[in-house]
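Written out below as structure tokens is the structure these notes cover.
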Amino acid sequence: PIYPLRVRDDRGKTIEIASKPLRIVSLTPGNTELLFALGLKDRIVGVTRYCDYPKAAKDKPKVAGMGVSAEAVLAQRPDLVVAHKSLNDAAIPQLEKLGLKVFVIEPNTIAQVVRDIRMLGLITARPRTAAALADKLEMTVSSIREARKKKPIRRVLVVVQCDPLWVAGPRTFVDEMLRLVRAENVARDARPGFVPFSVELSVARNPEVIVV
């Protein structure tokens, strides 16, 4: 890519990337996995304490837990912060006020994951790696869909927290993956997103598979 780049993030905000980012901070485990998958291990200078995959992520400086420490982020002198629109909503404006370049993603579908992989690859000067990764993901999805299309439908509950019970509801990439493998989401009529759900209703619907 030729810098400076002007790109639009998942907020719809146009971000100018002046030069190839060399010091990148990630504010969610999902973002960290994407950055490592793009071969950016040596350029990642900050992650959250929940970033444990790949194993090398555990050795990176920690700048966030349930919340983000602006001071810890600043201390790493990042030229790019990769944030999540919902999970980091309080931290994003604070970091931008401090003059940091924040690129925000929030993929809610497999197609959006593919799009964000390609965009991260573009802004970090890894477009070919990103293209290969995105193509592999799309081919995997296609092969799984084909393999499962004649299989019986299973009732599945995906639990993200046990007490109180939170589940993967509709309009999430998890719900999309369940439909991809011909599974019926037990929480199909929950509020969209990862949300609280009734234990009694979960039991009454008798899931055949529970993923925790």
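The values are calculated or read from the model by the stated rules, or taken from the named source; none is laboratory data. Being a predicted model, the structure only gives us computed values, none of them experimental. Cβ sites come from the backbone with ideal geometry, for glycine too, and all protein chains shown count toward neighbours. Side chains included, ligands, DNA and RNA excluded: accessible areas come from the protein's heavy atoms. Shrake-Rupley method; radii C 1.70, N 1.55, O 1.52, S 1.80 Å.
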Residues being within 20 Å of Asp89 (Cα to Cα), surrounded by fewer than 16 Cβ atoms within 10 Å (Cβ to Cβ) and hydroxyl-bearing (Ser, Thr, Tyr) - total across segment 12-26
1
As an exercise: evaluate Leu80 against (1) exposed (fewer than 14 other Cβ atoms within 10 Å of the Cβ); (2) in contact with a Ser or Thr (Cβ under 9 Å, 6 or more places away or on another chain); (3) within 19 Å of Leu120 (Cα to Cα) and give the number of the one condition it does not meet.
(1)
Does segment 139-171 hold any residues that are within 23 Å of Val114 (Cβ to Cβ), out of contact with any Ser or Thr (no Cβ under 9 Å at 6 or more places or on another chain) and of a type outside the set (Val, Ile, Thr), and which are they?
Met139, Ser142, Ser143, Arg145, Glu146, Ala147, Arg148, Lys149, Ala168, Gly169, Pro170
Which of the numbered conditions does Leu180 fail, given that it passes all the others? Conditions: (1) closer than 30 Å to Pro78 by Cα; (2) open to solvent by less than 50 Å² (accessible area, probe 1.4 Å).
(1)
Residues located in segment 110-152, provided they are open to solvent by 70 Å² or more (accessible area, probe 1.4 Å), touching a helix residue (DSSP H, G or I) at 6+ places or on another chain (Cβ under 8 Å) and not in a helix (DSSP H, G or I):
Arg126
Scan segment 97-109 residue by residue and report those that are modelled with pLDDT under 95 and surrounded by fewer than 16 Cβ atoms within 10 Å (Cβ to Cβ).
Thr109
Restricting to segment 27-64, name every residue that is open to solvent by 40 Å² or more (accessible area, probe 1.4 Å) and of a type in the set (D, E, K, R).
Glu33, Lys41, Asp42, Arg49, Asp52, Lys55, Lys58, Asp59, Lys62
Please verify whether segment 46-61 includes one or more residues that are among the basic types (Lys, Arg), in a loop (DSSP other than H, G, I, E, B) and over 19 Å from the mean Cα position of the chain (by Cα).
no
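If you check Val158, Val174, which single one turns out to be surrounded by 14 or more Cβ atoms within 10 Å (Cβ to Cβ), modelled with pLDDT of 95 or more and closer than 25 Å to Ser86 by Cβ? Can you show your working first?
Numbers: Val174 fails: modelled with pLDDT of 95 or more.
Testing whether each residue is surrounded by 14 or more Cβ atoms within 10 Å (Cβ to Cβ), modelled with pLDDT of 95 or more and closer than 25 Å to Ser86 by Cβ leaves just Val158.
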